[in-house]
Amino acid sequence: TLRPLTHLPRRLEYIFNAAKTISAGSVIVLTSANLGTIPFFRFPLSRYFERRTRKIRDIFLQMSEKTDVVYVDLFEEAGSDPSNSSPRLLFAADHIHPNGVGYGIWYAKLQKALEKHHFKEMLKHTT
């Protein structure tokens, strides 16, 4: 079952602060992309998952800002999400998970965030 999100902010604050303690302060987090655009979820489930993804994203944005953690935003509005225009090119056979090309789009966003926040040393180990 899907859990209510009422305790998520407090739990994220704890997790982010704990992660900062054990990582010398360098923490990067990300959430999923817009689940409403996944081909497997058709209307009305697509609308439900888009709203839920948006709520979770908002909480992550708020808590990452509060705790000074880098947040990589994978969310795209349905109209501009590349998965809407070419789902067969971006999703695995299960129509839920990205394929290599889909993960490549996420990786490019992660790479951009690493560069923006001066994590160049991490990039040397990923290319």
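The values are calculated or read from the model by the stated rules, or taken from the named source; none is laboratory data. These numbers were taken from a predicted model, which means no experiment stands behind them. In this analysis, Cβ positions are derived from the backbone assuming ideal geometry, glycine residues included, and neighbour counts consider all displayed protein chains. Accessible surface is based on the protein model in full, side chains and every heavy atom, while ligands, DNA and RNA are left aside. Shrake-Rupley method; radii C 1.70, N 1.55, O 1.52, S 1.80 Å.
Just a few scattered comments:
- Residues that are open to solvent by 60 Å² or more (accessible area, probe 1.4 Å) and assigned to a helix (DSSP H, G or I) occur at least once in region 22-30.
- The set of residues in region 31-72 being open to solvent by 50 Å² or more (accessible area, probe 1.4 Å), touching a strand residue (DSSP E or B) at 6+ places or on another chain (Cβ under 9 Å) and at pLDDT below 95 consists of Phe40 alone.
- Residues that are within 29 Å of Asn99 (Cα to Cα) and of a type in the set (S, T, N, Q), drawn from region 13-68: Ser26, Thr31, Ser32, Asn34, Thr37, Ser46, Thr53, Ser64
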